[in-house]
Amino acid sequence: MTFFRLWRLGELRMPGQNPVAVTDAATPQEALRALSLKVDVELTLNDRASAVIYVMDTLENSDDMGVYAVHPMAIWRLTPQEVDSPHWRTSTHKGPVVVRARSELDARFVATHAFVIAVPHVPGGDTPEMTWPSARYARCCKLEDALWLTDGPTAVLDPEVEPDIAGELARAFP
């Protein structure tokens, strides 16, 4: 195991500066996954930035191992639009959705994954379009004072989804 350190860009090894977090892991990728929760908590408490740039190194080797942009989690509300459209046949849910995700794009992907359903193409009709990724069919906004915690994995928070879907989302967004 190696001890990995995560520094804010610009504070790397400056006198008097401490790393944001330290963890032991076998690889830089494992270290970044282990550090992400600590970083999310630190960002939630201190930054409110859309992205903060970090550099990782080890105690044994102070050469930079990579630069990482860490996006803190946020709570997103997706609100369906034009629900009478036949394109909403591609979704099992047609009401508001609340998602914890790092970005609007991730929130839309999670809603799509949680509620998508295959529908046949009707000859002579429009090709069915997925609704949750579309700004035309689903408005998406970040909730600043949400009832839900930003700490935690990417997930649909409301409505409740089937356990197998929740497990698939957890694997898709480690």
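The values are calculated or read from the model by the stated rules, or taken from the named source; none is laboratory data. This one's a predicted model, so the numbers in the text were calculated from it and none came from an experiment. Because the Cβ atoms are built from the backbone with ideal geometry, glycine has one as well, and the counts that use them run over all protein chains shown.
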Pairing a residue in the range 110-126 that is within 25 Å of P96 (Cα to Cα) with any residue that is of a type in the set (F, W, Y) and surrounded by 11 or more Cβ atoms within 10 Å (Cβ to Cβ), where Cβ atoms lie under 8 Å and the two sit 6 or more apart in sequence or on different chains, gives V110/F173; A111/W132; T112/W132; F115/W132; V116/W132
Inside the range 69-108, the number of residues satisfying the requirement of being among the hydroxyl-bearing types (S, T, Y) and touching a Pro at 6+ places or on another chain (Cβ under 9 Å) is 3
Some residue of the range 115-126 being part of a helix (DSSP H, G or I) and buried (at least 19 other Cβ atoms within 10 Å of the Cβ): yes
Among residues of the range 104-114 being buried (at least 17 other Cβ atoms within 10 Å of the Cβ) and not hydrophobic (A, V, I, L, M, F, W, C), the residue farthest from D158 (Cα to Cα) is D106
Considering residues that are free of Cβ contacts under 8 Å to residues at least 24 places away in the same chain and either assigned to a loop (DSSP other than H, G, I, E, B) or basic (K, R) (or both), the number found within the range 75-109 is 3
The residue from T90, T79, T127 that alone is of a type in the set (V, I, T), over 24 Å from W148 (Cα atoms) and at pLDDT 90 or above is T90
Selection status of G152, at pLDDT below 90, out of contact with any helix residue (DSSP H, G or I) (no Cβ under 9 Å at 6 or more places or on another chain) and on the phi > 0 side of the Ramachandran plot:
no
Counting only residues that are in contact with a Phe, Trp or Tyr (Cβ under 9 Å, 6 or more places away or on another chain), at pLDDT 95 or above and over 10 Å from W76 (Cβ atoms), the range 94-124 contains a total of 1
Of the residues in the range 136-148 that are under 16 Å from M73 (Cβ atoms) and in contact with a strand residue (DSSP E or B) (Cβ under 8 Å, 6 or more places away or on another chain), the one that is modelled with the lowest pLDDT is A146
